[in-house]
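Student: Once you've had a glance at the structure underneath, I'll fire off some questions.
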């Protein structure tokens, strides 16, 4: 699920709480709208391997003035969060340590791809796919982990397994039979949910294949793929230009 | 559709006809069983870009003793069919002209992949996918171009468009809306059929995505994807090991 | 060595000879100046794997109106030289057969690279390297195969072995000891010359490495590398901008 | 220069000093002999981008039992040096965070390449190249930064610029004229030395090219390339098998 970032900022401000506000966008940046400055976030964490469509290996911080000042006065030892040296080097285009250069070339290209499609279209594409996934989940008679529709994630959907079924056993079956790796439930959700990713470089037919793999493996009602295809076809007609 | 290669050889022999027997395997080699020697073929033509899972750029000939003798005595000018120089060079591992070396490295790997999976399994995989496609076509209320079941191709399925619909217009719509390029009808079938390829590096969920793209675009009954998924799930349970 | 293409054209015309004029540019195109139209060539043959800096696998023909007319009336069977179908297809951007698509993407990039450097600079770079090679050969006390300076090739230099030495034995020694593959002498030059390639994606330090490999292997005087370095350093100072 | 790791260990032990012993092998691992266990090192730091012949992006720690125990009891906050989670995950082949997967595939291959050549040969190859570099530096009339021959590095050679010359200006000239990037002097050596790297995937002719680039740019005596080539040719004859 997603968090209502701007609303939380307002609540922090209303409570006059001095806490720094940190947001993890690893599974959403560049697939779902996100505004570090406008929403008043202090520290944003992101990674290369999801919406930015790259191999894993790069991580990014966006840092507010407030966070920077706090960092300069802070006594706690840091390494990842030690920004001064890299900010100083960035002015001349250098890095204080050896960076993962190949991924920087990839990042240059993935940003060009995102700008070419246009962020508004990228976000709309993921919203449309996410709605297709949710219709499929409901048609299967399963529950989406997220109870609040306005907090649905457009990049990932966690699905509750029916009582008495182990999500990780299902994931293994689907991996073996259909060569598709679903996400696992973490922490107290372990074994109880599986996660369907629909972010990054993703189009309608990849979504259809993904849902087909779940439908062939999941011990429940059919009809999910069909429900998603109805949604995709209908919304493709509404927006007749190239889907991806 | 495929031809009954061995049966045709028998017919040629029964008629005592001296013709050389040439077979085009470009769209089938390494996806469907084929036996140059055992079936008595004189010249087999193949290419890198289909069942061998490589970019286009290589073509191969398998040549019988009979074809070789005919070639040696023949008066007609040739270039592609002029085998002597390359046969002489092959003995030492050389080529008479500069070959597409990068594709030869790729070929080494694709042959290793085919041997690792095992040809019997490769052929069974394509047969299972092709049956799924045919069930989808029938569920759509459409006709497969090939009328004789024993000549069904397991690598490509040509589908007749309903009267009054242009196959190439459909192909354009599907390309634009779903980023999938279907094959066109050639010669007198132009505009009347579209072709679904299901060969080479192909698995269940790619097939599901492919059929979803056709079903969302084709002006006819639904139910094809579902019919194919039923077949895939059922036959996956029958053969529970890794499908691809 | 290179041929004086324009001068030969004039000689053909002066003799009023009706022959078509065909030029093989495989080892020179995009490394040495060449003008199909201006020099009155009828058929030019080129390949991807040398000056165009690509893997082997593409070949090109440039064809004059005269050659095209001759082809249309000709009775001789052809395949490579059968241009009508591809000319017709090119109008719409298609190919009559499956082309080596990956190499076409590569060609797009290599042409962009050549235009970015500028053809005049590309040709000057190869001329400078070729002069360095020739100075090295002379310093070794060896002879360049080409006796006429105005026919020196700027992309390849064939070097005569001293009497009593086998060029192919030298090539084997250098390949084993220094991991460098020199070109062999063809036809009646087999065993008598080795060829140093200095074309395509090539810069000063690659040339230095290349000549070092020859100098360490060749059974003759030293001083070739030094003579080439003197030339390179001197001409780099004369043209102080980026050499490659 | 390299440090005498085993000797330092002995000195620490002789002094009965409780310090942990940490060694930075980033520029040497897999190019020069190194023995974490045998030499009694507590923490070794390595990276993917030098002797391991990969793009930058991976770093490694080898950790002794003693360092591990110290870490478990330590109060100081850590992130890079926090090993428990990754050690626990490694047992099942997992990572606690998303690793740079593409580089792990590359590492698998680079280790295979090192084992195929054999570490003894890899180290001998670098020792031979390093000796060639040092002979070149002396022939140029320049000084190697390292005064103690037994501490010469076989992967990098830092060269002192003559008084009155700026090493970084030289580096810029060589980069522009010869497309070669030499290493810079760090800290108090800034501007006073340049560094020649000769590690990882490196062979005789790359070394010759490298030294040629320095010789053409450096404001001093010639003869370095020749001195190195003499050494390479002589030692190649002594060990006539494939150099790299």
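Just so you know, all these numbers are worked out from the coordinates, no wet-lab data involved. These figures come from a predicted structure and were not determined experimentally. Positions of Cβ are generated from backbone atoms using ideal geometry, with glycine treated the same way; all protein chains shown enter the neighbour counts.
Student: When averaged across all projection directions, what area in nm² does the alpha-carbon convex hull of chain A cover? Walk me through the numbers on the way to the answer.
Tutor: Values: hull surface 63.5 nm².
One quarter of the hull surface, i.e. the mean projection, equals 15.9 nm².
Student: Expressed as a rounded percentage, what relative contact order does chain B have, with Cα pairs under 8 Å and six or more residues apart? Don't skip to the end; give the middle numbers.
Tutor: Details: 331 pairs, mean separation 45.6, N = 244.
Relative contact order of chain B: 19 percent.
Student: Give me Rg over Rh for segment D:119-238, both radii from the alpha carbons and Rh done the Kirkwood way, two decimal places.
Tutor: 0.95
Student: Rounding to the nearest 10 and keeping the result within 0 to 90°, find how far the Cα-based axis of helix D:119-139 lies from the longest principal axis of chain D.
Tutor: 40 degrees
Student: Taking the alpha carbon gyration tensor of segment D:53-153, what are the square roots of 5 times its eigenvalues, largest first, to the nearest whole Å? Present the calculation step by step, with values, prior to reporting the outcome.
Tutor: Values: eigenvalues 270, 88, 34 Å².
Sorted largest first and rounded, they come to 37, 21, 13 Å.
Student: May I ask you to order C:94-104, D:209-219 by the average number of other C-beta atoms within 10 Å around their residues, highest value first?
Tutor: Values: C:94-104: 15.8, D:209-219: 24.1.
The densest-packed peptide leads the list: D:209-219, C:94-104.
Student: What's the Cα-based Rg to Rh of segment A:1-49, Rh via Kirkwood? If you can, show how the numbers build up before the last one.
Tutor: Working: Rg = 11.2 Å, Rh = 11.4 Å.
Reported Rg/Rh (Cα atoms, Kirkwood Rh): 0.98.
Student: Which whole number gives the average count of other chain Cβ atoms within 10 Å of the Cβ atoms across peptide B:87-100?
Tutor: Working: counts 0, 0, 0, 0, 0, 0, 0, 0, 1, 0, 3, 9, 2, 9.
Going residue by residue through B:87-100 and averaging, the value is 2.
Student: I'd like the mean, over residues of C:74-82, of how many other protein chain beta carbons sit within 10 Å of each residue's own Cβ.
Tutor: Details: counts 0, 0, 1, 4, 2, 6, 2, 1, 1.
Partner Cβ neighbours, averaged per residue: 2.
Student: How far, in nm to one decimal, is residue D:176 from itself in the other copies if the label point is set 7 angstrom along Cα toward Cβ? Shortest first, please.
Tutor: Distances to the matching label points in the other copies: 4.6, 5.3, 6.5 nm.
Student: Point me to the residue of chain C whose C-beta lies closest to the C-onto-A rotation axis, rounding the distance to whole angstrom.
Tutor: So the closest residue, with its distance, comes out as C:109, 7.
Student: If you don't mind, there's one more thing I want to ask. Per residue Cα convex hull volume for the protein assembly as shown, in cubic angstrom?
Tutor: On the way: hull volume 227.4 nm³, N = 976.
Output value, Cα hull per residue: 233 Å³.
Student: Here is a follow-up. In what sequence, highest mean first, do A:166-179, A:195-208 appear when ranked by Cβ atoms within 10 angstrom? Mind showing how you got there, number by number?
Tutor: Working: A:166-179: 17.6, A:195-208: 20.8.
Top to bottom by mean Cβ count within 10 Å: A:195-208, A:166-179.
Student: log₁₀ I(q)/I(0) of segment C:180-229 at q = 0.31, 0.33 Å⁻¹, via Debye over equal Cα point scatterers, no solvent, to two decimals?
Tutor: For segment C:180-229, the Cα-only Debye profile gives -1.21, -1.26.
Student: In degrees, nearest 10, range 0 to 90: what is the angle between the Cα axis of helix C:167-178 and the longest Cα principal axis of chain C?
Tutor: Taking the Cα atoms of chain C, the angle to C:167-178 is about 70 degrees.
Student: Under the definition of Cα pairs under 8 Å and six or more residues apart, what whole-number percent is the relative contact order of segment A:5-117? Could the numbers behind the result be given before it?
Tutor: On the way: 113 pairs, mean separation 23.2, N = 113.
Reported relative contact order: 21 percent.
Student: Just to be sure I understand: of the beta bridges DSSP finds with both ends in the protein assembly as shown, what percent are antiparallel, rounded to 5?
Tutor: Counting only bridges with both partners in the protein assembly as shown, antiparallel ones make up about 80 percent.
Student: Right, here's the next one. Take each of the peptides A:135-141, D:67-73, average the number of other beta-carbon atoms within 10 Å over its residues, and list them starting from the highest. Don't skip to the answer; put the middle values down first.
Tutor: Values: A:135-141: 20.4, D:67-73: 13.1.
Descending packing order for the listed peptides: A:135-141, D:67-73.
Student: Sorted from shortest, what are the nm distances separating the label point of residue A:234 from equivalent points in the other copies, each placed 7 Å from Cα along Cα to C-beta?
Tutor: Between copies, matching label points for residue A:234 lie 3.0, 8.1, 8.5 nm apart.
Student: Tell me what the protein assembly as shown gives for mean residue ellipticity at 222 nm when only DSSP H runs of n ≥ 4 count, each as -39,500 (n - 2.57), the sum divided by the residue total, rounded to 500 deg cm²/dmol. Working shown, then result.
Tutor: On the way: 32 runs with 420 residues, N = 976.
So the calculated ellipticity at 222 nm is -13500 deg cm²/dmol.
Student: Would you mind checking the tilt of helix A:5-14 against the longest principal axis of the Cα atoms of chain A, expressed as 0 to 90 degrees and rounded to 10?
Tutor: Taking Cα atoms only, the helix is inclined about 50 degrees.
Student: Distances from residue C:3 to the same residue in each other copy, label points 7 Å out along Cα→Cβ, in nm, shortest first?
Tutor: Label-point separations across copies, in nm and ascending: 4.2, 6.8, 7.5.
Student: Counting alpha carbon pairs within less than 8 Å and at least 6 residues apart, what relative contact order, in whole percent, applies to segment D:89-206?
Tutor: Values: 116 pairs, mean separation 24.5, N = 118.
Result for segment D:89-206 is 21 percent.
Student: Taking the DSSP beta bridges in segment D:5-117 as the whole, what percent of them are antiparallel, to the nearest 5? Please list the in-between numbers first.
Tutor: Details: 5 of 9 bridges.
Antiparallel bridges make up about 55 percent of those DSSP assigns within segment D:5-117.
Student: Stokes-Einstein at 20 °C, 1.002 mPa s, Kirkwood radius from Cα pairs: D for segment D:5-117 in µm² s⁻¹? Walk me through the numbers before you get to the answer.
Tutor: Numbers: Rh = 15.7 Å.
For these conditions, the coefficient is 137 µm²/s.
Student: A follow-up question, please. Can you give the average number of partner chain beta-carbon atoms within 10 Å of each beta-carbon in peptide C:201-214, as a whole number? Could the numbers behind the result be given before it?
Tutor: Values: counts 0, 0, 5, 8, 14, 5, 2, 11, 10, 3, 5, 14, 7, 1.
Counting Cβ atoms of other protein chains within 10 Å of each residue's Cβ and averaging gives 6.
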